[in-house]
Every structure is written in structure tokens, then in C-alpha cells.
Number of protein chains: 2
Amino acid sequence: MNLKELASKLGLSPTTVSRALNGYPEVNEATRARVMAAAKRHNYRPNTRAIRLATGRAMAVGHVIPVATRHEIVNPVFADFIAGAGESYSRNGYDMVLSVVPDDAEEEAYRDLRSRGAVDGVILHAPRMDDPRIPLLHEVGLPFVVHGRATGAGLPYSWVDVNNRRAFQRATEFLLDLGHTRIGLVNGLEFMDFAIRRRTGFADALAARGLSIDPDLCASDEMTEVAGFRAASAMLDLPAPPTAFLVASMISGMGVRRAIESRGLRMGRDVSVIIHDDDLSYMKNGEDVPIFTATRSSVREAGRIAAEMLMLRIAQPDAPPETRLLEAELIIGQSTGPAPRNG
Amino acid sequence: MNLKELASKLGLSPTTVSRALNGYPEVNEATRARVMAAAKRHNYRPNTRAIRLATGRAMAVGHVIPVATRHEIVNPVFADFIAGAGESYSRNGYDMVLSVVPDDAEEEAYRDLRSRGAVDGVILHAPRMDDPRIPLLHEVGLPFVVHGRATGAGLPYSWVDVNNRRAFQRATEFLLDLGHTRIGLVNGLEFMDFAIRRRTGFADALAARGLSIDPDLCASDEMTEVAGFRAASAMLDLPAPPTAFLVASMISGMGVRRAIESRGLRMGRDVSVIIHDDDLSYMKNGEDVPIFTATRSSVREAGRIAAEMLMLRIAQPDAPPETRLLEAELIIGQSTGPAPRNG
DNA sequence: TTGAAAGCGGTACCAG
DNA sequence: CTGGTACCGCTTTCAA
């Protein structure tokens with residue numbers, strides 16, 4: 001059932017039917033009602049392809065996922081963001097297009113999406129310092145919103161971010177309050193903007209207590225289980241091992257757990273551990289939450305917000321950039337860990 | 001730069017340019033070369049929206065992700081599948097559209113994708129027994145491939161699946177070989193097809209040794225950390241606790257780990273644990289792999305294969321259904337766990 | 001081997 | 001308030 005058929009069935013012109021369906025004011029309300037009813041009855045849905053060509057808008061938003069050595073997509077946090085954004089798109093009649101491309105083809109992917117007219121805008125993931133994708137997107141004229149911030153990007157842009165610095169600062173303060181002075185930081189790759197901010201929060205909290213960073217207690221690597229395992233293992237085998245850990249992700253946190261366990265130590269008894277981005281929020285009520293976490297739920301919220309900001313930018317490309325900083329929810333478990341035994 | 005502009009710049013008709021670019025044989029090779037060169041030089045890319053309308057094909061594939069209480073998308077396995085499929089799509093000029101919808105709107109989402117002409121086919125995720133989506137997709141005439149199998153579906157369909165039964169059977173056999181007789185199964189929800197198959201594999205291995213399933217040692221719940229924690233806790237607190245666990249997912253595996261730890265036990269020393277779908281494949285070389293795993297890499301492969309099968313079905317809708325069963329790769333760690341102390 | 005012209009299924013401008 | 005018509009940018013007969 002297409003517009004023309006529906007129109008002839010109603011004895012109206014396609015024009016009028018189109019107007020009635022799209023809520024144009026100049027249509028007689030009686031006519032509109034008739035049209036609406038017929039559309040519902042015949043289960044008419046306008047052809048997306050035709051709308052797209054006629055209006056020149058794709059009614060679609062792109063997310064480019066570079067994939068190769070590093071597998072961004074397996075990051076659960078990324079999935080949460082996508083889920084949040086996806087809900088917003090669905091509610092607003094937008095489609096979400098995911099492009100999974102080799103990571104050396106990312107730039108080409110953006111150019112392609114743009115010149116093919118496949119999407120009206122994109123979300124930029126995992127920004128790095130001086131991220132080259134920001135000037136690129138400006139150049140090709142594709143509206144975008146960044147999930148995170150790109151320090152050093154000369155050009156203005158819209159972003160939504162979780163306050164990583166603050167989250168790590170508070171987590172560090174919490175450990176310091178417990179009496180820990182040797183805290184191991186198991187961070188992500190520090191050319192990623194969020195990892196830099198996390199480190200800054202960590203350093204700030206230490207500095208506020210007159211402590212400085214011990215390079216032996218700082219690791220920066222991919223957020224995988226094996227990297228977490230290696231980093232924590234190395235620190236635990238130091239002459240003066242840390243009494244607490246602050247870990248960047250749920251996945252590297254698994255490696256840290258293993259390193260601790262495999263030395264006969266116990267998390268929450270011998271070593272305090274705070275894992276960021278772990279999702280134990282659902283355990284808040286009545287469950288024993290063993291570790292202090294910054295929950296992933298704010299990431300889902302970030303996805304929703306980013307999507308809405310992007311759709312707005314698409315509608316008004318010349319609006320000034322907008323920014324949103326979300327605070328991570330922090331959860332303190334009963335058995336987060338004691339004061340250090342020999343701290 | 002569009003087709004008409006490119007054509008007039010070349011002094012040719014749009015028809016000829018289109019034919020040259022699309023590899024039609026009737027074009028003079030000299031002309032074709034000239035056209036190709038000009039297209040490259042001007043960075044011409046045909047407008048996707050126009051192609052879609054003209055050809056009647058969307059050149060896009062849909063993945064519908066229902067979301068509400070259960071959050072399928074945060075399942076890392078799902079993300080791997082998407083990554084694998086996405087690569088295939090990109091290579092073949094297809095777009096992947098993700099629809100995140102409330103889980104009571106899934107049926108509507110398929111109808112909508114179909115009648116709007118937004119996609120040419122879909123991948124069906126997480127099939128259940130007698131899954132109603134299979135007759136639905138047949139009814140609306142949307143080509144599809146199932147990731148997994150739907151026992152009880154009367155109609156034929158194409159699918160790609162990992163051999164869950166075999167994976168769990170082998171894992172169970174491995175534990176039995178170590179001397180374990182009380183093995184706890186921490187399974188997913190057993191209305192999911194894959195969970196049923198996993199349980200069957202577990203049961204088969206036990207039966208082959210003359211053992212039967214102890215209902216107290218079988219849990220079936222969502223594959224979340226808290227569910228894993230609860231299930232393992234309950235079993236460990238039995239008068240005769242299990243000496244080994246077989247766990248359905250990386251995430252519930254985290255809960256099982258916690259339950260073990262919090263009782264002062266150690267994985268691999270006091271309790272043997274096998275986690276399915278955990279991704280420790282990258283730890284194979286030289287690293288200490290503490291647990292035996294069925295790796296996720298086969299899921300990525302499944303995504304690739306499913307995507308290719310779907311694109312084929314779209315091209316030839318009347319081809320007979322095709323099926324592929326992949327074997328999960330099994331990895332045995334050095335410290336998987338000893339024989340039971342009191343087994 | 002090339003081109004003219006008629007769609008694909010809508011939108012939107014201009015008349016009436 | 002309603003209808004005719006010219007697109008949107010490409011594909012695809014049909015003629016030349």
C-alpha cells in the first residue's frame with residue numbers, strides 16, 4: 001500500500017493525503033480523520049526510501065566503530081551508550097546505522113556516510129587528544145556530537161561526558177580516608193581523553209593530601225582482562241605493594257581480581273579495590289556489594305542525551321555547540337575493604 | 001557532485017555514466033576508463049537514498065534489540081556477534097541498522113522495518129522455544145537468519161549457531177575427568193534455546209558416567225553478576241556443596257567468582273570453575289589461564305557467517321534454508337583446578 | 001555503444 | 001481547503 005493507492009481509494013489526491021498524514025494545518029479536519037482512519041485500516045506506512053530522497057534527509061544517524069586490534073565494541077560501556085542512544089532514536093523516528101570498519105578506514109567511513117547521504121549526523125566515540133576526526137567532521141560538514149571530550153581540538157563541538165576526573169578523585173579520596181597511602185592505578189590507555197582525566201582526578205586527590213604519584217603504582221594499558229592482570233601482578237610483586245587499587249573498567253577489574261586471588265589475597269579483606277564502570281548498581285538493595293563502583297547507568301543516560309543533542313543539531317546545524325557533564329553515581333559497598341594492614 | 005553533474009562534465013548522458021560505473025558490459029572500455037577516472041577525481045559517490053528508491057532495495061540489514069528489564073545489548077557476546085556481522089556488511093556495501101525498542105514493541109518493529117522498506121532482511125537474536133518471531137517474519141515476508149535455533153518452530157529457517165550442547169558436554173566431561181561428581185550448573189534462562197541446549201550437554205555428560213542431575217546444583221536465571229552470585233552462594237551453602245562450577249557467561253561468572261571468594265575459597269584451588277563465553281583466548285600464550293573457557297571468538301565468526309547468509313538470502317529469497325553449526329574453541333588453563341578435596 | 005524518458009514513492013510549491 | 005506538477009538522484013527499459 002503506497003500513497004497513491006491510498007489516495008485513490010479515498011478519492012483524494014496524494015497531496016492531500018500526504019498533508020493530512022503529516023499534520024499540515026490547511027487540511028479539513030474531517031478529511032484528516034478520514035485519511036488517518038484509512039491509513040490505519042490499510043496499515044499504510046510511508047516508504048522510508050522515498051521520504052529520504054524527497055526530503056533530502058536520511059532520518060538516520062551513524063555510529064562508526066573502528067575494529068581491529070582494539071575491539072571497542074566489546075566494551076560493555078560502549079554497548080550501554082548505544083542502548084541509550086538507540087532508545088532516543090527509535091522514539092524520534094530515526095534509524096541508527098552502525099558502521100563497523102577496519103580502524104585505518106575510519107576517516108573514509110565518515111566521508112562515505114556523508115557523500116552517500118546515508119546519515120544526517122554521527123556520534124563520535126572514544127575521542128583522543130587532538131583527535132583528527134573533529135576537524136575532519138567539520139570539513140565534511142557532518143553534524144556530530146562527541147561522547148567524551150577531545151582536549152586540544154581547536155574547533156568547537158558539542159559533547160556529552162561523564163565526569164571522569166571527579167569520579168576518580170572521589171574514589172581516591174575514599175581510599176585515602178580508609179587510610180591507604182599506596183594505591184595502585186590501573187588505567188586505560190592514556191592517549192584516550194577519558195583516561196587522562198581519570199588520572200588527573202587520581203593525582204589531584206593524592207596531591208590534596210600531600211601525596212605524589214608513584215610511577216610504579218600507575219599502569220596505563222588497554223582495558224582488557226590480561227592487561228589488568230599484568231598490571232596488578234607487577235604492582236603486587238613490588239617490595240612495597242599497594243594496599244588498594246583503583247581500576248578503570250569492569251574488564252580490567254577482572255584481571256585485577258585474578259592477580260589478587262592468585263597471590264592468596266582476598267579482595268575486600270587484604271586489598272581494597274574500586275572498579276570504575278562496573279555495573280553493580282542493581283545490587284544496591286540488600287545485596288553485599290563488595291566493591292565501590294561508579295556505575296554504568298550514567299553512560300546509558302549519556303547515550304540518550306547525546307542522541308537528543310545530535311537530532312537537535314541536525315535540525316539546527318548553526319546552533320552553538322552544547323555540552324553536558326554528567327556525574328557518575330558512586331556506590332559504596334559494605335565490604336569495600338578495610339584500612340591497610342601495613343599501610 | 002551527482003550523476004547528472006558528472007555526466008555533463010564528461011559530455012555524456014547520465015545513463016552511460018551510470019552504466020560505466022556499475023560495470024555494465026555494453027560500455028566502451030575507453031569511455032568507462034574516462035568515467036571511472038572522472039568519478040575518482042571528483043570524488044563522486046552515488047547517493048544512497050536515490051539508489052534505494054530506484055532499485056527498491058534498502059541495501060541495509062536490521063538487528064532489532066529489545067530492551068527493558070533484560071538488557072540483551074550489554075551482553076558482550078551479543079556485541080561480538082554484531083562486530084562480526086558488521087564487518088561483513090561493510091565489505092558488501094550494506095548498512096547495518098540497529099533498532100533498540102521496548103521489548104513489548106519488538107513485533108511492531110519488524111512490521112515497521114518491513115513496510116517502511118528500511119531494510120532488506122533481519123538477523124533474529126536470542127531465539128526462544130516456539131519463538132513467535134519466526135512465523136511473524138515469514139508472514140511479513142522479511143528474509144531473515146537466526147542466530148541460534150528455535151526448537152519447536154514449525155517453519156523452516158536459516159540459522160547459525162555455536163554448538164552449545166557439545167561445548168557444555170565437553171566442559172562437563174573435563175570436570176568429571178578431574179574427579180568431580182558434584183558440579184554446579186549456573187545456566188541462563190531455560191526458555192532460551194541456547195540455555196536448554198547447554199543444560200542438555202551437561203546432563204548428557206553426567207548420564208554417560210551414570211550420574212544424574214541434582215536439582216539443587218542447577219540454577220537457571222538471567223546472566224547477570226547478581227544472579228550468578230546468588231546461584232553460586234546458594235549452592236556453596238548446601239550441606240554438600242559442589243566442588244566445581246560450570247557457568248554460562250562471563251558476567252554471571254563474575255558473580256560466581258565473588259561467591260567463592262567471599263567464602264574464603266579460591267577458584268582453581270578449592271573449586272574448579274569453567275566459564276563459557278569468557279574471552280581469555282588472548283591469554284593462551286604464556287599467560288596463566290586460571291579457568292577453562294569456551295571462547296567468544298566463535299561468536300564473532302558466527303556473526304560474519306550469519307551476515308553473509310542473510311545477504312545471500314536477500315539476493316535469492318527462494319533458496320532453501322541454510323544452516324551452520326560452529327564448534328566453540330575450548331581452552332584449558334594450567335590452573336583450572338584440582339580434583340575435589342572431598343569429592 | 002549511447003541517449004531519451006519513464007519511473008521509484010514521496011514532498012512541496014503554485015494555482016485554483 | 002484541495003489538486004496538479006515538478007522535482008529528489010539514480011536505474012532501467014526502449015530506441016536509435
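The values are calculated or read from the model by the stated rules, or taken from the named source; none is laboratory data. As the structure is a prediction and not an experimental result, all values here were calculated from the model. Cβ: placed from backbone, ideal geometry, glycine included. Neighbour counts: every protein chain shown.
Just one residue in the set A:R128, A:R114, A:R45 is within 18 Å of A:R19 (Cα to Cα) and of a type outside the set (A, V, I, L, M, F, W, C); that residue is A:R45. Residues in segment B:111-163 that are within 14 Å of chain A (Cβ to nearest Cβ) and assigned to a strand (DSSP E or B): B:V122, B:I123. Of all residues in segment B:9-24, those that are closer than 20 Å to B:I51 by Cβ and either part of a loop (DSSP other than H, G, I, E, B) or of a type in the set (S, T, Y) (or both) total 8. Note on segment A:1-29: residues that are over 45 Å from the mean Cα position of the chain (by Cα) and at positive phi amount to 1. Specify the residue that is farthest from the other protein chains (Cβ to nearest Cβ); the eligible residues are those in segment B:25-53 that are among the polar types (S, T, N, Q) and in a loop (DSSP other than H, G, I, E, B). Restricting to residues being among the polar types (S, T, N, Q) and in a loop (DSSP other than H, G, I, E, B), the top hit is B:N28. Scanning segment A:64-75 turns up no residue that is free of Cβ contacts under 8 Å to residues at least 12 places away in the same chain and surrounded by fewer than 18 Cβ atoms within 10 Å (Cβ to Cβ). The number of residues in segment B:86-110 being farther than 19 Å from B:L142 by Cβ and either in contact (Cβ under 8 Å) with a residue 60 or more places away in the chain or not in a loop (DSSP other than H, G, I, E, B) (or both) comes to 5.
Scoring A:N187 on the criteria (1) buried (at least 19 other Cβ atoms within 10 Å of the Cβ); (2) more than 21 Å from A:G268 (Cβ to Cβ); (3) at pLDDT below 95 leaves a single failure, condition (3). Inspect all residues belonging to segment B:33-49 and state whether any of them is within 14 Å of DNA strand C (Cβ to nearest atom), of a type in the set (V, I, T) and out of contact with any Pro (no Cβ under 9 Å at 6 or more places or on another chain). Yes: one or more hits. Taking the condition of being in a strand (DSSP E or B) and at pLDDT 85 or above, how many residues in segment B:260-275 meet it? Residues that pass the stated criteria total 5. So is B:E5 under 19 Å from A:L53 (Cβ atoms), acidic (D, E) and within 16 Å of DNA strand D (Cβ to nearest atom) or not? In short, yes. I'd like to know if segment B:68-87 contains one or more residues that are within 13 Å of DNA strand D (Cβ to nearest atom) and among the small types (G, A, S). Checked against the condition, which is being within 13 Å of DNA strand D (Cβ to nearest atom) and among the small types (G, A, S), segment B:68-87 yields no hits at all. Checking each residue in segment B:25-53 for being hydrophobic (A, V, I, L, M, F, W, C), over 25 Å from A:T55 (Cβ atoms) and either crowded, with 16+ Cβ neighbours inside 10 Å or touching a strand residue (DSSP E or B) at 6+ places or on another chain (Cβ under 9 Å) (or both) picks out B:V27, B:V35, B:A38, B:A39. Would you mind stating whether A:F168 is more than 14 Å from chain B (Cβ to nearest Cβ) and under 16 Å from A:R313 (Cα atoms)? No; evaluated as a whole, the condition is false for this residue.
In summary, B:R57 fulfils each of the numbered conditions (1) buried (at least 22 other Cβ atoms within 10 Å of the Cβ); (2) more than 7 Å from every other protein chain (Cβ to nearest Cβ); (3) of a type outside the set (S, T, Y) with the single exception of condition (1). Would you say B:L21 is within 11 Å of DNA strand D (Cβ to nearest atom) and over 30 Å from B:V122 (Cβ atoms)? Here the answer is no, as B:L21 does not meet what is asked.
A search for C-beta distances below 7 Å between a residue of segment A:1-22 that is more than 14 Å from chain B (Cβ to nearest Cβ) and within 7 Å of DNA strand C (Cβ to nearest atom) and any residue that is assigned to a helix (DSSP H, G or I) and among the aliphatic types (A, V, I, L, M), counting only pairs 6+ apart in sequence or on different chains, returns A:P14/A:L3; A:P14/A:A7; A:S18/A:L3.
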